[in-house]
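Heads up, the thing below is written out as structure tokens.
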Amino acid sequence: MIYITRPSPEGDILTQQLNQANIPATHLPFFKISAGQGLNNLQQKLNQLTASDIVIVVSPQVSHMISRHLPKLSFPKHLRYFAIGKKSAELFSQQNGVHIDYPSEEHSEGLLPLLTDLQGHSVLILGGNNGRQLLSQTLAEKANVTSVECYFRQPITYPATILANNIDQQNILVTSVDHLLQLDTYCQNKHKCEAQLIVTSPRIFEKAKQLKWHKILQIVSANNQFLFKTILTLCHNADNISQESK
């Protein structure tokens, strides 16, 4: 069984793709996503930016919330746009008709080297509540940085035994440290010894080691298409090993 912890709609889509490929998967999001208060004055903040100022999109949830609540929002063409990951970039570009760059290593550390010529410019970071502060803290040394809460994450509560069965057969996909910390509240020590944890960044990998997970697989992208192909390969390899051992 594959447990997909990423929020909707990406988590729903990936779960459906896996089930259609005859791989048992369950969507187990740890956060409910709703509109953030920063959407109220986002257009005003965008209009105040000048040529070559920077807008950073931290996740696909930014585009989902803007599309749902501000479909007529206008993004000026004279700004520089960046996203942390490929999915965030593709979705944002498709919806808003602007060119947006993203790093090959899809995390904040990978994005930072792309953010050059900051002196005297403003940076608008479009993200969620209680997000990671690495980008804002690092960029604030050279630029005027403003973070905008485009979405709000609220933890979802499950029964304490939600993951108690068939622990040795579980694969759990985690795409953020916050998801990992929520997962930890439902895990027994047996999970950390026997279940396979799949993570999408070095930061999540290191945190999982600190939490004493034994079987951690780090992959290089949180893009759904990449995740689907990776999980498909893992499951097929596991099936082959199982057949050979009989």
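The values are calculated or read from the model by the stated rules, or taken from the named source; none is laboratory data. Keep in mind the model is a prediction, meaning the values are calculated, not measured. Methodologically, a virtual Cβ is constructed for each residue, glycine included, from the backbone with ideal geometry; neighbour enumeration extends over all protein chains shown. In case anyone asks, the SASA skips ligands and DNA or RNA and just uses the protein heavy atoms, side chains included. Shrake-Rupley method; radii C 1.70, N 1.55, O 1.52, S 1.80 Å.
Counting other Cβ atoms within 10 Å of each Cβ, which GluC sites (Glu not before Pro) in region 137-217 have at most 10 and sit in a DSSP loop? Intermediate values should be presented prior to the final figure.
Working: sites: E141, E149, E194, E206; in loops: E141.
In loop regions of region 137-217 (DSSP not H, G, I, E or B), the sparsely surrounded GluC sites (Glu not before Pro) are E141.
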## Note on the structure
Cβ-Cβ cut-off under 14 Å around G120, Lys and Arg +1, Asp and Glu -1: the net charge is -1
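When the convex hull of the C-alpha atoms of region 88-145 is computed, what volume per residue in Å³ does it have? If you can, show how the numbers build up before the last one.
Working: hull volume 5.8 nm³, N = 58.
Spread over its residues, the Cα hull of region 88-145 gives 100 Å³ apiece.
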#### Entry: Normalised per residue, the volume of the convex hull around the Cα set of region 33-154 (Å³)
93 Å³
#### Entry: Inter-label distance, nm, simple model (7 Å from Cα along the C-beta direction), L181/I13
2.7 nm
#### Entry: Straight-distance crosslink candidates among lysines, where the alpha carbon sits under 19 Å from K77 and sequence neighbours closer than 8 are dropped
K45
## Note on the structure
Counting every C-alpha pair in region 117-187, the percent lying more than 19 Å apart is 53 percent
### Query
Suppose R0 equals 22 Å; then what is the FRET efficiency for N144 and E105 from their Cβ-Cβ distance, rounded to the nearest 0.05?
0.25
### Query
Which value at 222 nm does the chain reach when only helices count, each DSSP H run of 4 or more adding -39,500 (n - 2.57), with the total divided by all residues and rounded to the nearest 500 deg cm²/dmol?
-11000 deg cm²/dmol
### Translational D in µm²/s for region 51-113 (Stokes-Einstein at 20 °C, 1.002 mPa s, Kirkwood Rh from C-alpha pairs)
182 µm²/s
### Task
Enter the angle in degrees (range 0 to 90, nearest 10) between the Cα long axis of helix 10-20 and the first principal axis of the Cα atoms of the chain, meaning the one along which they spread out most.
40 degrees
### Among P159, G131, L181 the positive-end extreme of the charge dipole of region 122-232 (Cβ point charges)
L181
### Message
Computing the accessible area with a 1.4 Å probe over protein heavy atoms, can you report the carbon and sulfur percentage for region 33-154?
### Response
45 percent
### Message
Using all alpha carbons of region 134-246, what is the percent of pairwise distances in each 10 Å bin, ordered from the shortest bin to the longest?
### Response
11, 33, 34, 14, 5, 1, 0
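Under 8 Å for C-alpha pairs, at least 6 residues apart: give me the relative contact order for region 33-154, rounded to a whole percent. Before the final figure, lay out the partial values.
Working: 221 pairs, mean separation 40.8, N = 122.
About 33 percent, as a whole number.
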#### Entry: For the chain: relative contact order, % (alpha-carbon pairs under 8 angstrom, 6 or more apart)
21 percent
### Positive minus negative residues near L197 (Lys, Arg vs Asp, Glu; Cβ under 12 Å)
+3
### Task
Any chance you could give the angle, 0 to 90 degrees and rounded to 10, that helix 60-69 forms with the longest Cα principal axis of the chain?
60 degrees
### Message
Solvent-accessible area of F152, probe 1.4 Å, all protein chains present, reported in Å² to the nearest ten, please.
### Response
80 Å²
### Query
What label, among (i) 187; (ii) 125; (iii) 137, belongs to volume of the Cα convex hull per residue in Å³ computed from the structure on display?
(ii)
### Query
Which value, in debye to the nearest 20, describes the size of the charge dipole of the chain about its Cα centre when Lys and Arg Cβ atoms bear +1, Asp and Glu Cβ atoms bear -1, and nothing else is charged?
300 debye
